[in-house]
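Visitor: Can you keep this structure in mind? I'll have questions shortly.
We did not get these values from a lab; they are worked out from the coordinates using the rules stated. It should be emphasised that the depicted structure is a prediction, and the values quoted were computed from it without experimental measurement. Using ideal geometry, Cβ is built from the backbone for each residue, glycine included, and neighbour counts are taken over all protein chains shown.
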Amino acid sequence: MSEHAYNPASARAEEFINDAEVRSTIKYALDNKGNRALVEEILSKPGLMKDGLTHREAAVILVQEDEEVWERVYSLAREVKRKYYGNRIVMFAPLYLSNYCVNGCVYCPYHMQNKAIPRMKLSQEDIAREVTALQDMGHKRLAIEAGEHPVMNPIGYILESIDTIYSIKHKNGAIRRVNVNIAATTVENYRKLHEAGIGTYILFQETYDKARYEMLHPRGPKSDYAYHTEAMDRAQEGGIDDVGVGVLFGLTDYRYDFTALIMHAEHLVARFGVGPHTISLPRICDADDIDSKSFENGIPDLLFERITALLRISVPYTGMIISTRERPSMRRRLLELGVSQISGGSRTSVGGYADEADRGEMTDDEKHSVQFDINDNRTLDEVVRWLLELGYIPSFCTACYKSGRTGDRFMSLLKSGQIANCCGPNAIMTLKEYLIDYASEATRKAAVPVIERELGLIPNETAREKCESMLERIEHGERDFRF
């Protein structure tokens, strides 16, 4: 008998991500491969659109090979996306503060054994330059990234950097939401991050398979599987009720990480009453001294599409994020199947934005300090225009965060469908700001029919009239309206 029993409400990692339960679930799924009656029961269950699938139900669907089953999943994924997120796609950019790191993660070029990579850390003056460059692109929402290093990147440096980011106001620009992707830390430090006014705390598990995790993290504080896996619990205890999870697909058997990822969401609901605010979907790719082909568990495009669509219906209330790791054609496909947030004009090196804005190129050190290779190198304006031409409405909205609609408040509004009464108008207004302040003429023209259509989709006449009034005020120079 296993030393640990499965308990989704437990505070212990090896109980809420229970290895025996994950493996039993995968076996159950494989035993029911081709069981169309069970598949039909799962995909037709009452409440699926609101409550999603359990980890065991989702695992059963994951192993199916029948194309008709997957067309059904794709259709449900589109329906969930349309119901909760409409045509909105939230825009953000990563901001790398430092690549100093004491960990030994074998899939990341920031690992401490990599002596070839230039080590860099932004000063507060550097951060101000980066933020100004990002504001001049049109960004309102950032995700800050930093390696784990107790001397070079202590919590005080992170907190000071957040203050700097929020303080920069250039022309009509302002960063209205700073999400934070840093190493697992203490309840006290999460409380400090909460008090600093962060949006979402993001931490990728990388892989939930403990044995594989420990092999991939041979040294450094990140090698402590339980401490890392229980980080979201400590963040919640520190007052951060918007947390973002994810795995790096390709590090181990995708079925294991897929199942455990949903179990993690179930755990957060069982213990705190609110699931993850976002789920990120990266897969292993090339970087400085990392060859993605050396990881035998890499997943092909078709499987990646299936995972995305199935996650969309399994955890319908959560935002789903795809980065510039993926090429434009794949990003387009995943947008159809459930992704609701994407980065644009991204740089994955320390200091990449300001130098490129000043000189049109990065320094050699910046080029060689990227965390991963980018496969979508388009500017933010090009990405925004692309989204508009596809019929989406790019959103720079941060209203829920500023209005206190976080955690269980956001989750309940989303499940009830009422969030659309806020998100639709807010997306239109923040897009209008972008168009006036930063967009090219081609992008402005592409936005005209999309905004007209989206205004017509606002169900409440009073809200629609209020939105139209605010759009006029934005035309005359006012900014930062929100529902």
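Visitor: What is the spread of the Cα atoms of the chain along each of their three principal axes, largest first, in whole Å?
Guide: Here the Cα extents, ordered largest to smallest, are 68, 55, 39 Å.
Visitor: For segment 1-117, what are the per-bin percents of Cα-Cα distances with bins 10 Å wide, up to the bin holding the maximum?
Guide: With a bin width of 10 Å, the distribution comes to 11, 24, 23, 28, 13, 1.
Visitor: Sticking with this structure for a sec: If you place +1 on the Cβ of every Lys and Arg and -1 on the Cβ of every Asp and Glu, how big does the dipole about the Cα centre of segment 82-377 come out, in debye to the nearest 20? Can you show the working numbers first?
Guide: Details: 34 positive and 40 negative charges, 196 e Å.
About 940 debye.
Visitor: If you take every residue apart from residue 319 with its C-beta less than 11 Å away from the C-beta of residue 319, what net charge results, scoring Lys and Arg +1 and Asp and Glu -1? List each step's numbers first, then the result.
Guide: Values: positive: 81, 88, 312; negative: 242.
In short, +2.
Visitor: Would you work out which of 116, 159, 276 lies farthest towards the positive end of the dipole of the chain, given +1 charges on the beta-carbon of Lys and Arg and -1 on that of Asp and Glu, about the Cα centre?
Guide: Value: 276.
Visitor: Then there's this: Given +1 on the Cβ of Lys and Arg, -1 on the Cβ of Asp and Glu, and no further charges, what dipole in debye does segment 407-475 carry about its Cα centre, rounded to the nearest 20?
Guide: Working: 9 positive and 11 negative charges, 45 e Å.
Charge dipole of segment 407-475: 220 debye, to the nearest 20.
Visitor: Express in nm, to one decimal, how much length is gained between residue 31 and residue 186 on full extension, taking 0.36 nm for each residue of separation and deducting their alpha carbon distance.
Guide: Taking residue 31 through residue 186 to full extension adds about 51.6 nm, to one decimal.
Visitor: Can you give me the three principal axis dimensions of segment 407-475 from its C-alpha atoms, in Å, biggest first?
Guide: Dimensions of segment 407-475 along the principal axes of its Cα atoms: 40, 25, 20 Å.
Visitor: Taking +1 at the Cβ of each Lys and Arg and -1 at the Cβ of each Asp and Glu, which of 22, 377, 196 sits farthest along the dipole of the chain towards its positive end, judged by Cα position relative to the Cα centre?
Guide: 196
Visitor: Under 15 Å from the Cα of residue 402, which aspartates and glutamates turn up, not counting those fewer than eight places away in the same chain?
Guide: Leaving aside aspartates and glutamates fewer than 8 places away in the same chain, those within reach of residue 402 are 195, 241, 242, 480.
Visitor: Given the C-alpha atoms of segment 213-256, compute the convex hull and give its volume per residue in Å³.
Guide: Numbers: hull volume 3.9 nm³, N = 44.
Dividing the Cα hull volume of segment 213-256 by its residues yields 88 Å³.
Visitor: Further question: Could you give the distance between the Cα centres of segment 168-187 and segment 45-107, to the whole Å?
Guide: What the calculation gives is 25 Å, centre to centre.
Visitor: Using just the Cα positions, wrap segment 133-240 in a convex hull and report its mean projected area in square nanometres, one decimal place.
Guide: 7.3
Visitor: To two decimal places, what compactness ratio does segment 368-483 give when its Cα radius of gyration is scaled by 2.2 N^0.38 Å?
Guide: Compactness ratio reported: 1.18.
Visitor: Averaged across orientations, what area in nm² does the convex hull of the alpha carbons in segment 96-181 project?
Guide: Computed as one quarter of the Cα hull surface, the answer is 5.8 nm².
Visitor: Aspartates and glutamates within cross-link reach of residue 50: Cα-Cα under 17 Å, excluding same-chain residues under 8 positions apart?
Guide: The reachable aspartates and glutamates, counting only those whose Cα sits under 17 Å from residue 50, are 41, 79, 266, 408.
Visitor: Moving to a separate point now. Arrange 436, 202 by Cβ neighbour counts within 10 Å, fewest through most, would you?
Guide: Details: 436 14, 202 25.
In increasing order of surrounding Cβ atoms, one gets 436, 202.
Visitor: Using modelled amide H (1.01 Å from N, peptide plane; none on Pro or chain starts), what sits under 5 Å from the amide H of residue 393, excluding residues fewer than 5 places away?
Guide: Correct list: 88, 89.
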